[in-house]
1. State yes or no: is A:M119 within 16 Å of ligand 1 (Cβ to nearest atom), surrounded by fewer than 20 Cβ atoms within 10 Å (Cβ to Cβ) and at pLDDT 95 or above?
2. Does A:I15 count as exposed (fewer than 15 other Cβ atoms within 10 Å of the Cβ), outside any helix (DSSP H, G or I) and within 12 Å of ligand 2 (Cβ to nearest atom)?
3. Regarding A:V95, is this residue over 18 Å from the mean Cα position of the chain (by Cα) and either among the hydroxyl-bearing types (S, T, Y) or within 16 Å of ligand 2 (Cβ to nearest atom) (or both)?
4. Give the residues of the range A:35-53 that are surrounded by 13 or more Cβ atoms within 10 Å (Cβ to Cβ) and not in a helix (DSSP H, G or I), sorted by residue number.
5. Quick check on my filter: what residues within the range B:289-314 are facing chain A (nearest Cβ under 8 Å), out of contact with any Pro (no Cβ under 9 Å at 6 or more places or on another chain) and not in a strand (DSSP E or B)?
6. Just for the range B:165-177: of the residues that are closer than 21 Å to B:D216 by Cα and among the hydrophobic types (A, V, I, L, M, F, W, C), which one is farthest from the other protein chains (Cβ to nearest Cβ)?
7. Here is a list of conditions, (1) under 23 Å from the mean Cα position of the chain (by Cα); (2) closer than 28 Å to B:T242 by Cβ, and B:D133 meets all of them except one; can you say which number that is?
8. Only helices (runs of 4 or more DSSP H) wholly contained in the range A:245-293 count here; list those with 1 or more residues that are at the interface with chain B (Cβ under 9 Å from one of its Cβ atoms).
Amino acid sequence: MAVPATKLKEKKEIIDVGLEEGAARLTYERIEQVINRVITAEMAARMKVYVDTCIHCGLCSTACHYYLSHGTPEWAPVGKVKQTMWEILEKKGKVSPEFIKRASIIASTECNVCRRCSMYCPYGIDVAYIMATVRRICHLLGVTPQYIQDTAHSHSATMNQMWVKEDEWIDTLQWQEGEAQAEMPSLRIALDKEGADIMYSVIGPEPKFRAQLIYQAAILMTAAGVDWTMPASPGWDNSDMAMFTGDFEMMGRIKRTHFETAAKLRVKKIVMGECGHAFRSVYDVGNRWLGWKMPPIPVIHATQFYYELLKEGKIKIARKLKEPVTLHDPCNIVRGRGLHEMMRYLVNATCENFVEMYPNREQNHCCCAGGGVINCGPPWKTKRVESNSIKAEQLAATGVHICIAPCHNCHGGLEDIINTYKLNMHTMFFIDVLMKTMEIPDALKA
Amino acid sequence: MSESKKWDWDTSEELIATPSEWKTKFARVQEPYVSPDGKKVAAIARNEDGTYTACVNGEAWENTYENMWNLRFGPDGRLTAIVSEAGEWTLAVDGVPWENKFAYVWDTKFNEDGQTIAVKIQQDTRYGLAVNDQPWENLFEHIGKYVMTPDGQYMAAAVQAVPLGQAEVFKFKDEGTWTVAVNGNAWEKIFTNVWGLDCSPDGKHVAAEVRMGLYDYTIAMDGEMWPEKFNCVWEPVFRPKTSEALATAPVRAAGKWTLAVNGKPVWDSKFVQCWHQTYSPDGRKLAAIVAPSFGQWTVAIDGKLWATTFNELVTDLTFSPDGNRLAAIAKDDGHWKIVVDGTPWPAMYDMVWPPVFSPDGSKVASKVEKGGKYTIALNGKPWRECEALWNPVFSPDGKKVLVRCIEDGKYYRRIVPISEF
Ligand code: SF4
Ligand code: SF4
């Protein structure tokens, strides 16, 4: 399972209409005006501290999978800051449209805002925050890659990521309910059941492409005897690409819809599917933009929920997976929430042969899909995959054929890496593992 | 209120039905719903042959359906459900399906007296509303939020009027695709986005929160945007009891929120957050849920804050009928509370439901939950615990409370004098 040498030889120009046309509309005046507005009205004091504190030591370089995969300084975290924010601040916003286009490419397609580098920086400089601010400037200037911009538009029009219309959403739930009832006749996906204990929320791609995950969640909830509901109105999608384009006003609107949907249903908590960035948006970023210090209705990531169900004996494992498995720690629920030991409990409870990948836990390499990078779409796919040969090496070194990855973006990113580098592996969500290993009480079987 | 005058306020206890026994009649029975007057309890039931029906006070509807969901009583006590037959969907009212059928139906709403019932519909991938079995003549690419006037005469909806191809990012943000349709007739003006909206009580005006391009938020009234643009806005409401059209909305500028009426700020104070603005019934007072600082939530009345703040959430702001008192739900350190005029009831709960004022405003009652049991608390004092219950209703003289509850699997309609709390 050797990894072919695929270091990127040269940077090929990628044409993205969102960037090209966006930059073509810019004037120097507008750029300067927008940047200065962000500097004076929006930038936190920590930005100046970060910029003033950085001693250009380069210790952050080896934290970044882009640098580890390409090996040249422009891919290092500090290199990305140098090419973007330093220049922006030094020139007080007097930069060209071409510069903004390049800054958008760096911030949106060469950084996953994964926050690994801040652990390596002796001063804890948060390069992800700096890159997110660059994206914010690019958003306000209208220079954002086309596909992720389209996703942000979908959020704005439908409150979900995939242009899923209201009737399509409900219809999909009813379809999955019908299918799952063949296996478990008493199963029900209760829509808008006020006063249920839990609202289960998912991300847009689930009804669109991965409806079986909803089916599986319904099986799990029924087997565990959970009183749960799903909303029949917008607010069901917990994801948030507006957070990653820098459209914070839209991010706030999406999060408000999500939490108010839960509040209206009078549920005690929200359990969300296996998604990392969505967790970041509800637990850390979007809620806070609205003024909520913490989520106003507690949000539990699926992995924590499964862990609790197992610990409390609400679900039981009938048989363990025999094949060796490895585990990919998603940045947003590990560096962002510290769920790594719970995930290891889950793997050990459900699999006979667990092979750690190295590095792991909060040191794990990012999948290179998160932070909105995979959402920049097909034009950027090759670059994204080539920028994570280090991940391919890390996966290959485990020697196993199954990689558990409890995050949608990680799934997409890892599958692309697995295919490109021919790793003879496949990814699974924890819910996939549970469906193969969990005990289904006889009384519930068809 | 006018409806409740006709209800039976004398029979202290009435055993209406025993929903726990319905399981023996059907393969499956879902959660129960009750009528506003408490005289009916109903649930969606599945027959052994896989068809669905509604069981009302123990009696099944005559018709059965392939599928059924969203069982809801209207204010007049009629029972509705969204049903499908032969792959087509419609609304069934008291068991009788509408004549018109659609590819899909959802989001049922009633006007104040329940005589007007509306649903969203999709037919041949075109979207709109059907009102009392009549679909709008004009259907659209998609439909968002909708509202109706209390008399049920006017409906306003956010609609996508212009088709959009895949990843047409510049068309979406520059030209726009959304507008507002009133009784099916779309405004001429097209916006990038349209979200929450409100009709003036007489139905003469409609205001909506809109975005033009990616950065300019404002309110559009009757198709015209306020000249003022903001960094963000939330949904508008009209001031009641005035002949003027006064659209009132939270607006954000320079990172802070305040309230504006027809584009002009009405409060001096600015907040980290401000939303769910609501007028007293007489239109004289204006209140909103606000965050005076990050992570601290309270209520502002005419710009002045309650003395207490809560660190998680404030929601369900409710004026008393005379407009002199104000209640809300708050969440603080993980506990749910009822707050009246800024003072929380001493008890803390696992969940609470919207507070209800007596007609004279002197009493507040609320459904509350603790340890999986439910009760009604009146001015903070709990009644006895039940397996399930519904929001309380005060009698027109304010001396009694209608309690609709399930105890030992039996559904009771009770009239409880307030002295029993
Ligand atoms: S991708 Fe991660 S490690 Fe690399 S610069 Fe961005 S936040 Fe830092
Ligand atoms: S490790 Fe920290 S101080 Fe050193 S170059 Fe990177 S960001 Fe600057």
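The values are calculated or read from the model by the stated rules, or taken from the named source; none is laboratory data. Values in this document were obtained by computation on a predicted structure and should not be read as measured data. Positions of Cβ are backbone-derived with ideal geometry, glycine not excepted, and every protein chain shown enters the neighbour counts.
1. yes
2. no
3. Details: over 18 Å from the mean Cα position of the chain (by Cα): yes; either among the hydroxyl-bearing types (S, T, Y) or within 16 Å of ligand 2 (Cβ to nearest atom) (or both): no.
Considered against the rule, which asks whether it is over 18 Å from the mean Cα position of the chain (by Cα) and either among the hydroxyl-bearing types (S, T, Y) or within 16 Å of ligand 2 (Cβ to nearest atom) (or both), A:V95 comes out as no.
4. Across the range A:35-53, the qualifying residue is only A:M43.
5. B:F294, B:G295, B:N311
6. B:F170
7. (2)
8. So the answer is A:248-264, A:286-289.
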